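No value in this document is a laboratory result; all are computed from the given coordinates. Note that the structure is a prediction, hence the values are computed from the model and not measured. Every residue, glycine among them, receives a Cβ derived from its backbone with ideal geometry; neighbour counts consider all protein chains shown.
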Amino acid sequence: MTRIIILAAGRGTRMNSELPKALVPLHGRPMIKYLMDSIATAGIDSHPVMVVSPDNADQLKKELKDYALEYVVQEQALGTGHAVSSAQHLLDDTVDNVLVLYGDHPFLTSASLQKCAAATPASLVMLTTQLDNFDDWRHNFYHWGRIVRNSPGDIARIVEFKDANEEERLITEVNPAVMCFNRAWLKNNLSRLDNNNSQGEYYLTDLVKIAFNEGHPVHAVAVAPQEAMGINSLAELKIAEELLAKK
């Protein structure tokens with residue numbers, strides 16, 4: 001059994017909106033509803049878990065009332081690792097894998113979700129996307145975490161942009177942040193995360209380095225940049241609108 005956790009505690013301040021980020025309209029529809037429809041079509045988890053904040057919980061519950069969801073409140077904004085930790089109590093021994101998604105990724109397809117969830121990792125598998133460069137619309141990905149490999153098939157770690165050096169920022173394989181974890185491994189290792197970084201947050205992505213250091217291969221499921229795109233600013237929203245219009 002695979003459980004889905006959707007991280008949706010973000011605010012819409014960078015998008016000049018009083019709405020929670022996940023509810024900012026994309027082509028006249030809250031962006032998270034595109035993801036929710038893909039989740040429903042994928043048929044992986046009939047009651048996904050959504051992590052919300054104290055400030056946006058009521059709005060999200062009202063807007064998403066037609067979807068079967070379990071809600072968990074992340075009381076403090078201490079990062080993605082902390083957000084997943086907030087939902088640990090819902091991951092009992094009947095759960096094999098945990099697929100972590102984000103509410104601002106409207107273009108992920110049900111096929112990609114199924115492919116990621118079908119893996120049986122000792123630790124984790126993750127989505128990645130490869131860019132030719134960061135020009136034009138691809139600049140949306142410039143501030144994403146970089147995938148660091150020791151060899152072409154061997155993911156060693158993820159470096160968040162704010163923590164990356166100049167050489168690491170030249171890497172054009174980036175992290176959409178979608179990961180599927182072995183449930184037991186995840187619960188055993190969440191407590192090992194620290195907040196020794198520029199943001200002072202607990203990064204879920206640091207689990208990649210932990211897995212690598214334990215000798216677990218971290219495999220990637222590749223997706224096209226247009227599918228992996230997230231939306232974090234008005235400029236990115238405009239580009240997403242244009243891509244959606246072309247579809």
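Results for (1) of a type outside the set (F, W, Y); (2) over 20 Å from L101 (Cα atoms), shown as yes or no for each residue.
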position: I158; (1), (2): yes, no
position: A177; (1), (2): yes, no
position: F181; (1), (2): no, no
position: L186; (1), (2): yes, no
position: N189; (1), (2): yes, no
position: S198; (1), (2): yes, yes
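Which of the residues belonging to region 172-213 are of a type in the set (A, V, I, L, M, F, W, C), farther than 24 Å from A228 by Cα and not in a helix (DSSP H, G or I)?
Answer for region 172-213, where residues must be of a type in the set (A, V, I, L, M, F, W, C), farther than 24 Å from A228 by Cα and not in a helix (DSSP H, G or I): just L193.
Only residues that are in a loop (DSSP other than H, G, I, E, B) and charged (D, E, K, R): list them for region 1-21, please. Write out each step before concluding.
Here is the first cut: in region 1-21, the ones in a loop (DSSP other than H, G, I, E, B) are 1, 8-10, 12, 16-19.
Selection gives E18 alone.
Please go through region 89-109 and pick out each residue that is of a type in the set (A, V, I, L, M, F, W, C) and in a loop (DSSP other than H, G, I, E, B). Outline the logic, then answer.
Step one: filter region 89-109 for residues of a type in the set (A, V, I, L, M, F, W, C), giving 90-91, 95, 98-101, 107-108.
Correct list: L91, V95, F107, L108.
Over 19 Å from L193 (Cβ atoms) and touching a strand residue (DSSP E or B) at 6+ places or on another chain (Cβ under 9 Å): which single residue out of L99, L124, L113 fits that description?
On the way: L99 fails: over 19 Å from L193 (Cβ atoms); L124 fails: over 19 Å from L193 (Cβ atoms).
Testing whether each residue is over 19 Å from L193 (Cβ atoms) and touching a strand residue (DSSP E or B) at 6+ places or on another chain (Cβ under 9 Å) leaves just L113.
Specify the residue that is nearest to E227 (Cα to Cα); the eligible residues are those in region 22-45 that are out of contact with any Leu (no Cβ under 8 Å at 6 or more places or on another chain) and part of a helix (DSSP H, G or I).
D37
Pick from D55, D45: which is in contact with a strand residue (DSSP E or B) (Cβ under 9 Å, 6 or more places away or on another chain) and closer than 22 Å to Y202 by Cβ? Explain how you work it out, then say what you get.
Values: D45 fails: closer than 22 Å to Y202 by Cβ.
Being in contact with a strand residue (DSSP E or B) (Cβ under 9 Å, 6 or more places away or on another chain) and closer than 22 Å to Y202 by Cβ holds for just one of D55, D45, which is D55.
From the set of residues in region 154-171 that are part of a loop (DSSP other than H, G, I, E, B) and without any contact (Cβ under 8 Å) to a residue 40 or more places away in the chain, which is surrounded by the fewest Cβ atoms within 10 Å (Cβ to Cβ)? Full working, then the answer.
From region 154-171, those part of a loop (DSSP other than H, G, I, E, B) are 160, 164-165, 170-171; that's our starting set.
Within this subset, residues satisfying the condition of being without any contact (Cβ under 8 Å) to a residue 40 or more places away in the chain are 164-165, 170-171.
On the way: A164: 17, N165: 8, L170: 10, I171: 16.
In this case the residue turns out to be N165.
Residues checked against (1) aliphatic (A, V, I, L, M); (2) crowded, with 22+ Cβ neighbours inside 10 Å; (3) closer than 26 Å to K238 by Cα:
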residue: T41; (1), (2), (3): no, no, no
residue: D58; (1), (2), (3): no, no, no
residue: K65; (1), (2), (3): no, no, no
residue: A83; (1), (2), (3): yes, yes, no
residue: L99; (1), (2), (3): yes, yes, no
residue: P121; (1), (2), (3): no, no, no
residue: D136; (1), (2), (3): no, no, yes
residue: S151; (1), (2), (3): no, no, no
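Out of all the residues in region 117-125, is one or more farther than 25 Å from Y202 by Cβ, in contact (Cβ under 8 Å) with a residue 24 or more places away in the chain and out of contact with any Asp or Glu (no Cβ under 9 Å at 6 or more places or on another chain)?
Narrowing region 117-125 to residues farther than 25 Å from Y202 by Cβ: 118, 120.
Filter once more, so that each one left must be in contact (Cβ under 8 Å) with a residue 24 or more places away in the chain: 120.
Next cut, out of contact with any Asp or Glu (no Cβ under 9 Å at 6 or more places or on another chain) only: none.
The answer is no, given that none of the residues of region 117-125 is farther than 25 Å from Y202 by Cβ, in contact (Cβ under 8 Å) with a residue 24 or more places away in the chain and out of contact with any Asp or Glu (no Cβ under 9 Å at 6 or more places or on another chain).
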